[in-house]
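Structure first, then comments.
The values are calculated or read from the model by the stated rules, or taken from the named source; none is laboratory data. Model, not experiment: these values are computed from the prediction. Note that each Cβ is placed from the backbone with ideal geometry, even for glycine, and that neighbours are counted across all protein chains shown. For the accessible areas, the whole protein counts, side chains as well, though only heavy atoms, and no ligand, DNA or RNA atoms are used. Shrake-Rupley method; radii C 1.70, N 1.55, O 1.52, S 1.80 Å.
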Amino acid sequence: MTTSTGLVVRLRRGNASDADALVLGFERLGSESRYHRFFTPMPSLPASMVAQFTDLDGPGRLAIAAFDPAKPSEVGSADGLGIGVARCAPGNTDVRAAELAVTVVDDYQGCGVGRVLLEVLVVGALRGGLTTLYGHVLTENTGMIRLFQRLGGRDQHHVRPEPGTRRIAIDLEAAVTTMGPRRALYASLFG
Ligand SMILES: CC(C)(COP(=O)(O)OP(=O)(O)OC[C@H]1O[C@@H](n2cnc3c(N)ncnc32)[C@H](O)[C@@H]1OP(=O)(O)O)[C@@H](O)C(=O)NCCC(=O)NCCS
């Protein structure tokens, strides 16, 4: 798949054997990226989070991983270098809504990878029976806010997000209509 800036990326669903790739990818996140993702300084990725992120069984759980096929894999796979991941997991209340997060390693930010990852996640989540994806984002995180806006994201003021953060939700049916022919391409990833 080619991003809006012309970068060729390989995408596939994340799976339970991605733990090592996740840890090595985390090492290539700068301190600001880590803070934007986890809302706290994060010197390392705790084993409990690695376990949580690779547990993809059950409804509402999905991960999409992106690779640079032109660079060697750090874990010896044929995919190429791991460069980003988008994931969602069910929240506590509405079974048709899930919380999302997107992360792209620093060297590949601004190349359209985040947009492709989020769009594929949206298509996969809709196919999996979800209606809404939402995320918490720091108000300073203009890149992520822009990604939400591209897909019609709306602030959920009623849930009273923590100060300095926004909770933004994407209506999946509406979002896929913004993708044009890319939607069919993305859907091919889900068989
Ligand atoms: C936020 C993040 C996922 C964006 O991914 P990315 O691959 O860099 O984003 P893209 O290249 O697809 O760009 C998406 C849009 O945001 C814009 N953008 C990206 N980074 C930006 C920045 N720092 N400031 C302003 N705009 C930015 C791009 O211009 C693009 O806009 P466009 O659609 O109008 O062209 C990535 O920067 C990241 O992983 N950050 C650290 C972790 C994080 O913040 N995760 C979100 C928590 S939920």
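Just a few scattered comments:
- Cut-off 12 Å between beta-carbons: net charge of the residues surrounding I168, Lys and Arg +1, Asp and Glu -1: +2
- Accessible area (Å², per residue) of segment 39-174, counting only protein heavy atoms and a probe of 1.4 Å: 50
- Pairs of alpha carbons in segment 1-54 separated by more than 18 Å make up 46% of all such pairs.
- Expressed as a whole percent, the accessible area of the chain that falls on carbon and sulfur atoms is 52 (1.4 Å probe).
- Working ranking of peptides 113-126, 32-45 by packing, defined as the average number of other Cβ atoms within 10 Å per residue, highest first, is 113-126, 32-45.
- L62, L56, reordered so the largest accessible area comes first (probe 1.4 Å): L56, L62
- The Rg/Rh ratio for segment 83-164, using Cα coordinates for both the radius of gyration and the Kirkwood hydrodynamic radius, is 0.95.
- In the chain, the calculated helix contribution to ellipticity at 222 nm averages -8500 deg cm²/dmol per residue, counting -39,500 (n - 2.57) for every DSSP H run with n ≥ 4.
- In this entry, the chain is assigned a mean projected area of 10.3 nm², taken as a quarter of its C-alpha convex hull surface.
- Averaging the sequence gap over all C-alpha pairs within less than 8 Å and six or more residues apart, then dividing by the number of residues, gives the chain a relative contact order of 19 percent.
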